[in-house]
Amino acid sequence: MSTEPVRKEPAAVRPASTMLLLRDGTAGMEVFMVVRHHQIDFASGALVFPGGSIDADDAVVARDAALAGRHPGLDEAAVAFRVGAVRETFEECGILLARDKGSQQLVTAARASEIEAEHRVALNKGERKFSDIIKASGIVPALDLLVPFAHWITPVGMPKRFDTHFYLAVAPADQLGAHDGSESVDSVWVAPNAAVEGAKTGKFKLVFATERNLIKLGRHTSAAATLDAAKTEGVVT
């Protein structure tokens, strides 16, 4: 009988997207974060940025320029990651980064609220696809506003692994955002450095990647400076 240990296959890597929504507050730049439900099996109770796994419908949107718009220089996978970031932001905090077809302006808070009231609950329950919402509402995700910020891949050996792309975007000034009450149970606009300090005192729980991205965010004091730096520095996986 063999005494060699059984080798377990590494957990599959799930593609995922995360959104870092920024705004300039009275005391400096703030980022929107949510507290994950304590019964969720990944990062339960942690303060995180809105985000989650890419689903098959994100790729459906990415393949159709009528739904996602045209994005020269980006392949289908890159577009799908951005679609997922916009979708997850809408699911988790109700902020919709989109434009009405033919418009150069983001949808207003009132328009976003109408779309949220009609579709957000069904989207969160998996009863409606984001592609259907795009078609029904006559909107196009504002993927051009997303700036790549970071790229993290969970190490081999962890029970759950993600290949996560992090994006920056300035939050629409008139859309305030609110947690969904299921996956996330609280939400806050917080200065990046304050979130890091809060983790040291026990006020917040942070996973490693979130903490490192907050520290990176904390190098700059305004949304514009953060976006400019991200555009020039590039992303290291």
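The values are calculated or read from the model by the stated rules, or taken from the named source; none is laboratory data. As the structure is a computational prediction, the values presented were derived from the model and not from experiment. Cβ sites come from the backbone with ideal geometry, for glycine too, and all protein chains shown count toward neighbours. Remember, those area values only see protein heavy atoms, side chains included, never the ligands or the DNA or RNA. Shrake-Rupley method; radii C 1.70, N 1.55, O 1.52, S 1.80 Å.
Over all distinct Cα-Cα pairs of the range 79-196, the Kirkwood formula returns a hydrodynamic radius of 15.5 Å. Is the range 141-234 rounded, prolate or oblate when judged by the Cα gyration tensor, a ≥ b ≥ c being the square roots of its eigenvalues, rounded requiring a/c under 1.5 and prolate requiring a/b larger than b/c? Note, shape of the range 141-234 comes out rounded. Using a simple spin-label model with pseudo-atoms 7 Å out from Cα toward Cβ, Asp132 and Thr232 lie 4.6 nm apart. Counting only heavy atoms of the protein chains and using a 1.4 Å probe, Asp75 has close to 90 Å² of accessible surface.
Among the protein heavy atoms, those of Ser222 account for about 30 Å² of accessible surface (1.4 Å probe, every chain in place).
The calculated FRET efficiency for the pair Ala225 and Ala173, based on their C-beta separation and a Förster distance of 22 Å, comes to about 0.80. Modelled this way, with points 7 Å down the Cα-to-C-beta line, the labels at Ala110 and Ala66 are 3.0 nm from one another.
A Cβ-based charge dipole, computed about the Cα centre of the chain with Lys and Arg at +1 and Asp and Glu at -1, lands at about 380 debye. Computed on protein heavy atoms with a 1.4 Å probe, the accessible areas place Lys101, Lys160 in the order Lys101, Lys160, largest first. Of all DSSP bridge pairs formed entirely within the chain, close to 70 percent run antiparallel.
The count of lysine pairs in the chain that are at least 8 places apart or cross chains, and whose C-alpha atoms lie under 23 Å apart, stands at 10. Largest to smallest in accessible area, the residues Val34, Val13 fall in the order Val13, Val34 (1.4 Å probe, all protein chains included).
Accessible-area rank, largest first, for Asp163, Asp144: Asp144, Asp163, with all protein chains present and a 1.4 angstrom probe. Each helix, a run of at least 4 DSSP H residues, gives -39500 (n - 2.57); summed and divided by the residues of the chain, these come to -10500 deg cm²/dmol at 222 nm. Relative contact order, whole percent, for the chain stands at 30, derived from Cα pairs under 8 Å and 6 or more residues apart. In the elastic network of the chain, a GNM with C-alpha springs shorter than 10 Å, the most mobile of Gly25, Gly157, Gly51 is Gly157.
Residues of the range 217-237 with an amide N closer than 11 Å to a point placed 7 Å from the Cα of Ile153 along the Cα-to-Cβ direction: 237.
Solvent-accessible area per residue in the chain equals 52 Å², computed with a 1.4 angstrom probe and all protein chains kept.
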